[in-house]
Amino acid sequence: MKLKAGFIQFCPTFCAPAENIRKLRESLNRAGDADLVVIPELANSGYNFENRKQAIQSAEEIPNGPFTQFLIEQAKKLDMYIVSGINEMEDGKLYNTSILVGPEGLLGKYRKIHLFMNEFDFFEKGNAGLPVFEIKGVKIGMLICFDWVFPEVWRILAMKGADIICHPSNLVLPYAQQAVPVHGMVNRIFCITANRYGTERDITFSGKSIISDPFGITLSQASGLADEVSILALNIDQARDKMITPRNHVFNDRRPDQYPDMY
Ligand code: ACM
């Protein structure tokens, strides 16, 4: 089974959701024949807030906010599924969230579990678990940026059946992209990191969005500083074969009884 999937890399304009909608309209059109497209973290708002007021001004409710509605409208028009990072407001609280939308509307969301640096000043810690969704017979999980440091969440999504982990990001640490294909390799899944580029005050984001396969091979990687759209036909059957050798299964060979110190 094949799924055409990939990323949009762009540079969100800080605190300007309408401008980011304009930018993404063009990129989504370029990705037009994809089944699934992943867009970076906090794509409606940008990242480096100076205060909570700024973060609140560019947040929105899901699904009624204009950015979510725009993505749903594009998903219908282009007949595709879209995963996007979004600055979410619910009951006066902010979450660093990723949504999955499709022609049928909002399928669901994930809220970033592992916050990075100043995000603790603006966002609540994710409280929506690690859901897995099905699109066109393919299982999709979502993680956000700094979640790359925590192998537990990649493993849990893979064990819940995710064929692809979609990873909207605003990566800062220069070595982060190296970890993504390794998470994919040890869990036998595809990974799509959609990263942003550009600078906001003292933070420079590293681009280099990446698609990797279940053997840890990089199938596509963007440059560090340009808009880019990359869509590939992924052979999902490769993510369903969990045998490392004829006698080794990636999940069944785990020895949880020998890991009592883990938690
Ligand atoms: C990050 O989690 N945005 C580095």
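Selection of the range 99-113 for residues being more than 16 Å from the ligand (Cβ to nearest atom) and either of a type in the set (Gly, Ala, Ser) or buried (at least 19 other Cβ atoms within 10 Å of the Cβ) (or both) yields ILE99, LEU100, VAL101, GLY102, GLY105, GLY108, LYS109.
If the condition is being surrounded by fewer than 23 Cβ atoms within 10 Å (Cβ to Cβ) and among the hydroxyl-bearing types (Ser, Thr, Tyr), then the range 165-185 contributes only TYR175. Counting only helices (runs of 4 or more DSSP H) that sit wholly inside the range 15-115, those with at least 2 residues that are under 22 Å from THR199 (Cα atoms) are 17-30, 52-57. With respect to the conditions (1) under 13 Å from the mean Cα position of the chain (by Cα); (2) open to solvent by 60 Å² or more (accessible area, probe 1.4 Å); (3) acidic (Asp, Glu), ASP147 lacks only one, and its number is (2). Cβ-Cβ contacts under 8 Å between residues 6 or more apart (or on different chains), taken from a first residue in the range 108-119 that is small (Gly, Ala, Ser) to a second residue that is open to solvent by 10 Å² or more (accessible area, probe 1.4 Å) and away from the ligand (no atom under 13 Å from the Cβ), are listed as GLY108/PRO131; GLY108/PHE133. Scanning the range 199-223 for residues that are in contact (Cβ under 8 Å) with a residue 60 or more places away in the chain and among the polar types (S, T, N, Q), we see that the one that is most open to solvent (accessible area, probe 1.4 Å) is SER220.
Selection of the range 53-64 for residues being in contact with a strand residue (DSSP E or B) (Cβ under 8 Å, 6 or more places away or on another chain) and more than 14 Å from the ligand (Cβ to nearest atom) yields ILE56, SER58, ALA59, GLU60, GLU61, ILE62, PRO63. Only a single item in (1) closer than 14 Å to PHE251 by Cβ; (2) not polar (S, T, N, Q); (3) not in a helix (DSSP H, G or I) is not met by ALA158, and it is number (3). Looking at the range 152-171 only, could you name the residues that are in contact with a helix residue (DSSP H, G or I) (Cβ under 8 Å, 6 or more places away or on another chain) and within 16 Å of the ligand (Cβ to nearest atom)? Those that are in contact with a helix residue (DSSP H, G or I) (Cβ under 8 Å, 6 or more places away or on another chain) and within 16 Å of the ligand (Cβ to nearest atom): VAL153, TRP154, ILE165, HIS167, PRO168, SER169, ASN170, LEU171.
Scanning the range 44-63 turns up at least one residue that is touching a residue at least 24 places away in the same chain (Cβ under 8 Å), among the acidic types (Asp, Glu) and touching a helix residue (DSSP H, G or I) at 6+ places or on another chain (Cβ under 7 Å).
The values are calculated or read from the model by the stated rules, or taken from the named source; none is laboratory data. What you are looking at is a predicted structure, and each value in this text was computed from that prediction instead of being measured. Because the Cβ atoms are built from the backbone with ideal geometry, glycine has one as well, and the counts that use them run over all protein chains shown. Side chains included, ligands, DNA and RNA excluded: accessible areas come from the protein's heavy atoms. Shrake-Rupley method; radii C 1.70, N 1.55, O 1.52, S 1.80 Å.
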